[in-house]
Each structure stands twice: as C-alpha cells, then as structure tokens.
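The values are calculated or read from the model by the stated rules, or taken from the named source; none is laboratory data. Since the model is a prediction, treat every value here as computed from it, not as a measurement. Please note: Cβ atoms are built from the backbone with ideal geometry, for glycine as well, and neighbour counts cover all protein chains shown. Areas reflect the complete protein model, heavy atoms only, side chains present, ligands, DNA and RNA absent. Shrake-Rupley method; radii C 1.70, N 1.55, O 1.52, S 1.80 Å.
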Amino acid sequence: MDEAFTGVEAQLGILAACRLTGRSRATHYRRLRPAPPRRARAPQVQPSALTAEERAAVLELMNGDEYAELAPAQIWARELDAGRYHCSVSTMYRILREQDRSGERRRQATNPAKAVPELVATGPSQVFTWDITKAAGPVKAPGITPT
C-alpha cells in the first residue's frame, strides 16, 4: 500500500494520492515525522507526603481504643474538633488500605452455630408433621439419600 501511495504521490501530489488510496492526510504527515520515543519518567515524590513515622502514628491513632470502631471520616472530624490535624481523610483511607484494614472497623458479633432441631419418635402418634420428606423411617427408600 505504501509503494502505491509513493508512486501516485510523485505523479499527482499528496492531496490526490491521499484521496485515491483512502489514506487520511493527517496519517500521511504523521508518518513523515514520527513522534520521538518517550523518555522514562523519574518517580516523583510528593513533597507534602507523610513520612513513615507519621503514617505509623496515624495508623496507631486510628487503631487506638478511642477510635478503633469509627470510620476515618469520623476520626478526622473528631481530631479536627480537638485542634489536631494529622492528614486528610483520603490519606487515612489510603493508610488503612495499605494495611488491609479498610473493611468494617466495628466489632462483629459472632453467634454460636445453631443445631437443627430434630424430632425423634420412639412409638406411634408421638410426632406429627405435614412434611414427611425428611422424616426418618425404619427402612430407607431406594434411590433417596437422607440429608
């Protein structure tokens, strides 16, 4: 395709060659002057970023007894009301996310496992039920497995 374009371009000009070959003029001129290769960017350090000690202090504050069950936005607001500013709310979330503690911060209830009630009859007319699908009997039916 490029050979056909260069042959037509020499005879008719760039505009006609672009129309005949279906190539955009912008593409033609872009191929004449390709972009220079990109240089690798040096990692930039934010000048106002917290140091490791400051991050540890904020994490210790958020995990302390007073704030252990509060969201970072609530911690930030209470500390600001007390006249202390450590970092932004976003940074608090960022610090928690780095430590894999960004989930639910409140204590969660742990309920004991409940046993499924089971009715046992040792004789006739002791247990009545409308659903007999899971009722145990003296003989297992073929093809039915108890659950």
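Remarks
- Beta carbons closer than 8 Å, at least 6 apart along the sequence or on distinct chains, pair a first residue in segment 117-141 that is open to solvent by 100 Å² or more (accessible area, probe 1.4 Å) with a second that is modelled with pLDDT under 75 and assigned to a loop (DSSP other than H, G, I, E, B) for 134/146; 134/147; 136/146; 140/146.
- Within the option set 23, 55, being in contact (Cβ under 8 Å) with a residue 12 or more places away in the chain and assigned to a loop (DSSP other than H, G, I, E, B) holds for one residue only, 23.
- Set side by side, the residues 52, 10, 56, 26 differ, and just one is under 24 Å from residue 107 (Cβ atoms) and open to solvent by 50 Å² or more (accessible area, probe 1.4 Å), which is 56.
- Apart from one condition, residue 69 fits all of (1) at pLDDT 90 or above; (2) surrounded by 11 or more Cβ atoms within 10 Å (Cβ to Cβ); the exception is (1).
- Restricting attention to segment 72-97, the residues that are open to solvent by 80 Å² or more (accessible area, probe 1.4 Å) and touching a residue at least 24 places away in the same chain (Cβ under 8 Å) total 0.
- Residues that are part of a loop (DSSP other than H, G, I, E, B) and in contact with an Asp or Glu (Cβ under 9 Å, 6 or more places away or on another chain), drawn from segment 66-123: 67, 85, 86, 87, 105, 106, 107
- The one condition from (1) part of a helix (DSSP H, G or I); (2) open to solvent by 70 Å² or more (accessible area, probe 1.4 Å); (3) closer than 23 Å to residue 108 by Cβ that residue 61 does not meet is (2).
- Residues that are within 30 Å of residue 14 (Cβ to Cβ) and not in a loop (DSSP other than H, G, I, E, B), drawn from segment 26-52: 26, 27, 28, 29, 30, 31, 32
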